[in-house]
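A quick write-up on the structure given underneath.
None of the figures in this text is laboratory data; all of them are computed from the coordinates on show. Since the model is a prediction, treat every value here as computed from it, not as a measurement. Positions of Cβ are generated from backbone atoms using ideal geometry, with glycine treated the same way; all protein chains shown enter the neighbour counts.
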Amino acid sequence: MITVTSVEAQNRFGELIDRSQREPVEVTRRGRTVAYVVSGHDMQELVDVRKRREDAAHWYSAYRQQLMSQPAANASGLDDDDVNRLVHELR
């Protein structure tokens, strides 16, 4: 990943956009990272990963609520079959 200052990014915006198609570009201001420029493809991958993570968190929350609503005798936790099923559902 290359790093450019915000002034360089302004002065060479076309080049910055072209470069971001090959690799993310870090933009700094006064020595601190203020932005990243990424390709549309890379951004879509990031959005997809975020959605999958949110879906998994919602699923786990619902699972925990279901588990907590069951009588204590049935709420012994996850067994190996449960873990394997969860792993395959989230893929």
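Antiparallel as a % of all DSSP beta bridges within the chain, to the nearest 5? Each step should come with its number before you reach the end.
Numbers: 5 of 9 bridges.
If we restrict to bridges inside the chain, about 55 percent are antiparallel.
Remark: the chain carries a charge dipole of roughly 500 debye about the Cα centre, counting +1 on each Lys and Arg Cβ and -1 on each Asp and Glu Cβ. Spin-label model, Met68/Ala56: points 7 Å from Cα along the beta carbon direction are separated by 2.2 nm. When the chain is described by a simple charge dipole with +1 on each Lys and Arg Cβ and -1 on each Asp and Glu Cβ, the residue from His58, Gln10, Val38 located farthest towards its positive end is Gln10.
Of the three principal axes defined by the Cα atoms of the chain, the extents in descending order read 67, 25, 17 Å.
The relative contact order of the chain, computed from alpha carbon pairs under 8 Å that lie at least 6 residues apart in sequence, is 18 percent. Neighbours of Tyr36 by Cβ distance under 10 Å: Lys/Arg scored +1, Asp/Glu scored -1, total -2. Between the amide H of Thr5 and those of Thr28, distances stay under 5 Å, these residues lying 5 or more places away or on another chain, with hydrogens modeled in the peptide plane.
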